[in-house]
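Every number in this text was worked out from the coordinates using simple rules, so none of it is lab data. None of these values were measured; they are calculated from a predicted model. Neighbour counts run over all protein chains shown; Cβ positions are idealised from the backbone, glycine included.
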Amino acid sequence: MSEHDILHSAVDPEPIRFLDDAGRYAPSATAAEFAEELAGVGVDEFKQWYRDMVHTRAFDTECTHLQRQGQLALWVPSVGQEGCQVGLGRAAEPQDHIFPAYREHAIARIRGVRLLDVAKQFRGLTHGGWDVTDPANGNFHLYTLVLGAQTQHATGYALGQLLDAKRNAGVTSMDAGEAGTATGEATMVFYGDGTTSQGDANEAMIFAASYQTPEVFVVQNNRWAISVPVARQSRTPLYRRALGFGLRAVQIDGNDPLAAYAVGRRFLREAREGGGPGYIEALTYRIGAHTTSDDPTRYREHGELERWQQRDPIARLEAHLREQGVEDAFFAEVAEAAASEAMAVRDAILTLPVPEADAMFEHVYSEPHPRIEEQREWLDRYESSFADEEAAR
Ligand SMILES: Cc1ncc(C[n+]2csc(CCOP(=O)(O)OP(=O)(O)O)c2C)c(N)n1
Ligand SMILES: [Mg+2]
């Protein structure tokens, strides 16, 4: 039985898409009900989304180079996944909160997080990377490497949004199953196909469904959890699991930014208006390695990669723009601007000061803690042991 046979039965509708693999406007039957979300979106917006994708990819490629040259400890590429990220990132309103996993670089950039701050974390210069409370960072929360932990953070945050709205409306109860409280803001959380197997992610959906949180779950199904294919993690399409939790859930072509935008826009708006949580499974592909520590040639076939490279989200949107009369000069200008932004990150990161080793103990607890003090003293002793050695020479 092939992976496709395991994952898809005859009852599954076609994933929602507006662009075909070659970038021609050819909506699927399933896209019809979301088409109105694109009514106000024209060539200027598509150009912006194209720019978002190309800039992110240039940055991403530069970070891989930096890692290979020993300047970053690790890098997590997002190549191939820019389509759904940009569509969903652009679908969110400024007041919405976004909880990422660790490869949502395009969304970080759209929300205003400096790319240098994203790269800085992978150079080991900071635990977090950016100040979430600073409005300049667009309510984009910290990268979370503990798989699924962000689903709990997101559902907790969305519960808070709901509770605030209820309190403002004079409602004091927080009964499960009560829908219909407009919050005016929503939460969107991102995770991967492998992470759907984590208890955290499943518990988050139960709470979201029970309390009708203003939340959108986004699973970027990039077909792999490091070396484990999605077919081993689930014998049913992932969005169908979400239906079982009582969430409205759909499957989209994750390499089509138009589909991601339209569905994201609808689900986020409904969440803000009191319609409860939604779930989007974005079918995409991890073109690169899992991280720079991984070698995918050991576990996946080249033909699979090639098939997905032909559905590259950047090439598809470029074709769509060309169909609308956008000319070479635009694409050349974007390529140049993207390269120069990536180069600026490279130049800046090499000059960033290394923090004092002691700084790693800050913010572990809000108050002094004996275990932390013990570790701090150990580090002091360890570091001064080198000073003694120096003096003895
Ligand atoms: C709780 C936990 N278990 C295991 C890991 C090790 N790990 C890091 S990434 C990963 C695979 C995640 O796959 P997926 O959810 O599909 O996301 P992707 O990396 O493909 O975007 C694993 C097992 C981890 N970081 N956290
Ligand atoms: Mg994955």
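Hey, with R₀ at 45 Å, roughly what FRET efficiency would H65 and A231 work out to, going by the Cβ-Cβ distance, to 0.05?
0.85
Give the relative contact order (percent, whole number) for the chain; include only Cα pairs under 8 Å separated by 6+ residues. Spell out each step's value before the answer.
On the way: 697 pairs, mean separation 93.8, N = 393.
The normalised contact order for the chain reaches 24 percent.
Using +1 on the beta carbon of Lys and Arg, -1 on that of Asp and Glu, and nothing else charged, what's the dipole of segment 173-250 about the Cα centre, debye to 20? Let's see the in-between values first.
Numbers: 6 positive and 7 negative charges, 118 e Å.
Dipole about the Cα centre, nearest 20: 560 debye.
For D328 and Q48, what does the FRET efficiency come to when R0 = 25 Å and r is the distance between their Cβ atoms, rounded to the nearest 0.05?
Numbers: r = 18 Å, r/R0 = 0.74.
Plugging the Cβ-Cβ distance into 1/(1 + (r/R0)^6) gives 0.85.
Kindly provide the trypsin sites (Lys or Arg not before Pro) of segment 270-317 that DSSP labels as loop, not H, G, I, E or B, and whose Cβ sees at most 13 other Cβ atoms within 10 Å.
Numbers: sites: R272, R286, R298, R300, R307, R311, R316; in loops: R286, R300, R311.
Of the trypsin sites (Lys or Arg not before Pro), not one in the loops of segment 270-317 has a Cβ with at most 13 other Cβ atoms within 10 Å.
Rounded, prolate or oblate: which fits segment 248-349, taking a ≥ b ≥ c as square roots of the Cα gyration tensor eigenvalues, rounded meaning a/c under 1.5, else prolate when a/b beats b/c?
oblate
Which residues does the label zone of L243 cover in segment 251-279, counting backbone N under 12 Å from a point 7 Å along Cα→Cβ?
Flagged as within label range: 251.
Rounded if a/c is under 1.5, else prolate if a/b beats b/c, else oblate: with a ≥ b ≥ c from the C-alpha gyration tensor eigenvalues square-rooted, which is segment 179-281?
Oblate, since a/c reaches 1.5 and b/c is not below a/b.
What distance in nm separates the two pseudo spin-label positions at E383 and A344, each 7 Å out from Cα along the beta-carbon direction?
The modelled label-to-label distance comes out at 3.3 nm.
At 222 nm, what value in deg cm²/dmol follows for the chain if DSSP H runs of at least 4 each add -39500 (n - 2.57) and the sum is divided by all its residues, to the nearest 500?
After summing the helix terms and dividing by the residues of the chain, the value is -14500 deg cm²/dmol.
Need one word for the chain: rounded, prolate or oblate. Basis is the Cα gyration tensor (sqrt eigenvalues a ≥ b ≥ c); a/c below 1.5 gives rounded, then a/b vs b/c decides.
It is oblate, given that a/c is not under 1.5 and a/b is not larger than b/c.
List T187, T297, T144, T172 from most exposed to least, where exposure is judged by having the fewest other Cβ atoms within 10 Å.
Least to most surrounded, the residues fall as T172, T297, T144, T187.
Using label points projected 7 Å from each Cα along Cα→Cβ, tell me how many nm separate V354 and K166, to one decimal.
Distance between the two pseudo-spin positions: 5.1 nm.
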